[in-house]
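Just below is one structure, and these are the notes that go with it.
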Amino acid sequence: MNTVHSKLLIIGAGPAGYTAAIYAARANLNPILVTGMQPGGQLTITTDVENYPGFSDVIQGPWLMEQMRLQAEHMGTQIIYDYIVKVDFSKRPFTCYGENTTFTVDAVIIATGAEAKWLGIPSETTYRGFGVSACATCDGFFFKKKPVAVIGGGNSAVEEALYLSNIASHVTLVHRRDTLRSEKVLQDRLFANPKISIIWNHEVDEILGSKESGVTGLRLKSTQDPTSMQTIDVDGIFIAIGHSPKTDVFKGHVDLDESGYMLTSKGETTTNIPGVFAAGDVQDKIYRQAVTAAGQGCMAALDAEEFLTRN
C-alpha cells in the first residue's frame, strides 16, 4: 500500500466535499479528495432538482454532482477513488487509511454525509425516485395537489407531513404505533391540520404501482393483527424514519452526539480535534439540503486554511 502526504485531505464527495475542495484548491492547499463508496452522495439518487440556486430549469442530481467534481478537478483538486477504513487523529500529521492508499495529512475535512433510513422492502427500491422519496423539501413540489403518504412517527415525519400539507391535496401519516414520538407542539399542529389524517398501528407491507405510472398506492399491514391489511391510494410516499450519519469510522476519534452526528463549535466547522473539520450532513441533522452542505463545505475550507496558516 502506498503512502501519500497532503496538507489537506477531504473525505467525502457530496456538495460539502466538492465545495470544500474548490475553495481549498483556490487557496493553493493542493487538497486531495477521497470519494468514498458513493461519489456524489445522496444527490446521486435524486433525479429532479429544482431548488439549487442558479438554474431556472430542472436539473438532475447526478449531473450537478458531476459539474462540482469537474470544477474541483479544474481548480487543482486531486480526486482519489478510495474508501477510508481507519483514522488516527492522535498526533499530527494525521493518518487516514484507505483500502488502497494511506494518507498522512496536516488537516482533514470530514464530509461523509448521511443516508436516509429506508424500510428495506423490495418495492421501495423499485420506486425510489419514481414516487418514493426521503426528502419532502426536495421532492414535495412534484406532488402538488396530489395525495401522498408519510411513513414515520418522530419529528421528521411530522415536519414532513406539515410541510407537504401546503402542497399535496391530502397527507396520510402512517405510524406503526398508537402514539407519536414527536414534540408536543408539532403534534398539536398535526392534529389540527384538516389536510392530514393518521393511520395508527400500521406499517408498510408493499408499495403499489407500475413502471408506467409510478406509485399508485400503499398496502398496509396492522402491527396488532398481521392478517389485517388495508390499501390506500397515493401518488407519493415519503419515508421519514430518520437519517444515519456516516461516522462509524470516526467513533472514538471525534466527538459525536447521541445520534452519531459530529459535534462542531456553534457557527463553525471545527470539531474537538484541532485540524479536523466537519461539514454537511455528517454534522447537520436539521437542514440537510445540498445548498447548506455546500455552504458548510466553503466554511470548512476557510477554517482549514486559517488553521494551516496558523500552524
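The numbers here are math on the coordinates, done by the rules we state, and not lab data. A quick note: this is a predicted structure, and the numbers were derived from the prediction, not measured. So basically every Cβ, Gly included, is an ideal-geometry build from the backbone, and we count neighbours across all protein chains shown.
Quick notes on this structure:
- Rounded to the nearest Hz, the phi-derived 3J(HN,Hα) couplings of region 252-269 under the Karplus curve 6.51 cos²θ - 1.76 cosθ + 1.60 (θ = phi - 60°) are x, 10, 10, 5, 10, 7, 5, 9, x, 7, 5, 8, 10, 4, 4, x, 10, 10, where x marks glycine and proline.
- Once the Cα atoms are used to define both axes, helix 61-75 deviates from the longest principal axis of the chain by about 10 degrees.
- Matching the structure-derived mean projected area of the Cα convex hull in nm² against the labelled list (i) 15.6; (ii) 19.2; (iii) 17.4 gives the label (iii).
- Antiparallel bridge percentage (DSSP; both residues within the chain; nearest 5): 45
- Beta bridges by DSSP in region 118-239, antiparallel share as percent, to the nearest 5: 45
- The trypsin sites (Lys or Arg not before Pro) of region 190-222 that DSSP puts in a loop, and whose beta carbon has at most 12 other beta carbons within 10 Å, are 211.
- C-alpha long axis of helix 15-26 to longest principal axis of the chain, angle in °: 20
- Report note on the peptides 273-281, 116-124, 9-17: ranked by the mean count of other C-beta atoms within 10 Å, highest first, their order is 9-17, 273-281, 116-124.
- Peptides 140-146, 230-236, 240-246 ordered by packing proxy, namely the average of other Cβ atoms within 10 Å per residue, highest first: 240-246, 230-236, 140-146.
- Toward the positive end of the charge dipole of region 118-239, with +1 on the Cβ of Lys and Arg and -1 on the Cβ of Asp and Glu, the farthest Cα among 118, 149, 226 is that of 149.
- Within the same chain, aspartates and glutamates fewer than 8 places from residue 251 are excluded, and of the rest, those with a Cα less than 15 Å from its Cα are 88.
- For region 291-298, the Karplus equation 6.51 cos²θ - 1.76 cosθ + 1.60, evaluated at θ = phi - 60°, returns couplings of 5, 6, 5, 4, x, 5, x, 4 Hz by residue, with Gly and Pro reported as x.
- Close amide H pairs (under 5 Å, H built 1.01 Å from N) link residue 173 with 150, 197, 198, 199, residues at least 5 positions away or on another chain.
- Sum of -39500 (n - 2.57) over DSSP H runs of 4+, divided by residues of the chain (222 nm, nearest 500): -7000 deg cm²/dmol
- Relative packing of 176-184, 158-166, 94-102, which averages over residues the other C-beta atoms within 10 Å, highest first: 158-166, 94-102, 176-184
- Between the amide H of residue 33 and those of 10, 78, 79, 80, distances stay under 5 Å, these residues lying 5 or more places away or on another chain, with hydrogens modeled in the peptide plane.
- Within the chain: Cβ-based charge dipole about Cα centre, in debye rounded to nearest 20 (Lys, Arg +1; Asp, Glu -1): 220
- Long-range HN-HN contacts of residue 272 with modeled amide H, under 5 Å: 255
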